[in-house]
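The values are calculated or read from the model by the stated rules, or taken from the named source; none is laboratory data. Worth saying up front: this structure is predicted, and the values here are computed from it rather than measured. Here the Cβ positions follow ideal geometry from the backbone for every residue, glycine too, while neighbour counts run over all protein chains shown.
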Amino acid sequence: MTETGEARRRAIGAAKLIAAAAAVGGTLLGASAVSRRLFERPRRTAIPARTTPSNPIVAPAPADPSFRLASARGKIEAYRQGRWTPIQVGEQLALQDVVLTGPSARAVIRRGANTEIEIHEKVEVRLDRFTDDSTTLDLIRGKVEGGVARPGETLEIRAGATRSSNEGVARFVISRDARGAVGAAAKVGTALFSAAGQQVHLSEGTESFAAPGKPPSEPETIPEEVLLSVIWPAARGEERAQVKGKVRPSSSVKVNGVDTAVRADGSFTASLALREGANKVEIQAEDLSGLTKKVSSVLERRSKGPTLETEPEALWKR
């Protein structure tokens, strides 16, 4: 064999060897790749950071669950950190704040969009606590009117040892006088009223009354006209006179603008100072639903004549 033929044979052998090696290597690489897919965890690829859009879409904030003074008329104060502080419409109120309304004042407190508390004059009420779907107030004195506009939410008003709350969508009134007697009435929907371990259901247009330590009375329909009867004293010469009358036990009474206590049977008595001559007296009664009735009269105090002094007997014998 020539030198040229020997070189060609060696080249062909080398090529076959390289091809065989390549085939074996490809098979090994393929097997290795399959093994990795079956038994090895894939590597985490880097996640590119999000870019902030030029006009981001912001989700609306949830409704504020706290209390807010929605409207006010007259002097409204809150007891905070050991002192009374005037509060303004729109101001947020914290739990345990005590809200006080002055004479002829009115205020409305709202929590969210579905719970509202209307506070009448001369009222003290404490914002006790709340959860996502319930609100609790403590009525110290006076009259408040609560409303709930959505089923599933609850407003409870505590007054002394009594408890009152709504059943579904409702509006109800609670009143507590200076003696601790409590009246409850449902204006819209149904309310629950409990005292001394007993509970009554108040349907729309009915009311109940609980004397201190006593269970609630059976619900009665609120009369269309306010009950107010008065016994006026006759003309007299004394400096004071007593005016007596009767209302429903849950009503409030003012005599010449002054709050007058109503007894458990609905009777009341007012002692009035009289000046000589004509004295106008006006009496106003207001029931739980807010209806009022006024009556008036003029009490006459007769003036006393001059005091006559008797002459000594000796003068007549002169």
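Just a few scattered comments:
- Among the residues of region 166-185, just one is touching a Phe, Trp or Tyr at 6+ places or on another chain (Cβ under 8 Å) and farther than 20 Å from GLY266 by Cα, namely ASN166.
The rows are residues; the columns are (1) surrounded by 13 or more Cβ atoms within 10 Å (Cβ to Cβ); (2) part of a strand (DSSP E or B); (3) assigned by TED's automatic domain parsing to the domain that holds GLY180.
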{"position": "PRO249", "(1), (2), (3)": "yes, no, no"}
{"position": "VAL253", "(1), (2), (3)": "yes, yes, no"}
{"position": "ASP265", "(1), (2), (3)": "no, no, no"}
{"position": "THR269", "(1), (2), (3)": "yes, yes, no"}
{"position": "LEU272", "(1), (2), (3)": "yes, yes, no"}
{"position": "ASN279", "(1), (2), (3)": "yes, yes, no"}
{"position": "LEU288", "(1), (2), (3)": "yes, no, no"}
{"position": "SER297", "(1), (2), (3)": "yes, yes, no"}
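- Scope region 93-112; condition of a type in the set (Ser, Thr, Tyr) and part of a strand (DSSP E or B); matching residues: THR101
- Total residues in region 280-301, condition over 30 Å from the mean Cα position of the chain (by Cα) and either more than 16 Å from LYS244 (Cα to Cα) or among the basic types (Lys, Arg) (or both): 4
- Any hit, region 132-140, residues being out of contact with any strand residue (DSSP E or B) (no Cβ under 9 Å at 6 or more places or on another chain) and under 22 Å from ARG163 (Cβ atoms): yes
- Leading residue by the ranking (modelled with the lowest pLDDT) among those in region 127-137 that are more than 17 Å from ALA191 (Cβ to Cβ) and crowded, with 17+ Cβ neighbours inside 10 Å: PHE130
- Elements of type strands (runs of 3 or more DSSP E) in region 178-241, at least 2 residues being surrounded by 14 or more Cβ atoms within 10 Å (Cβ to Cβ): 182-195, 198-202, 206-210
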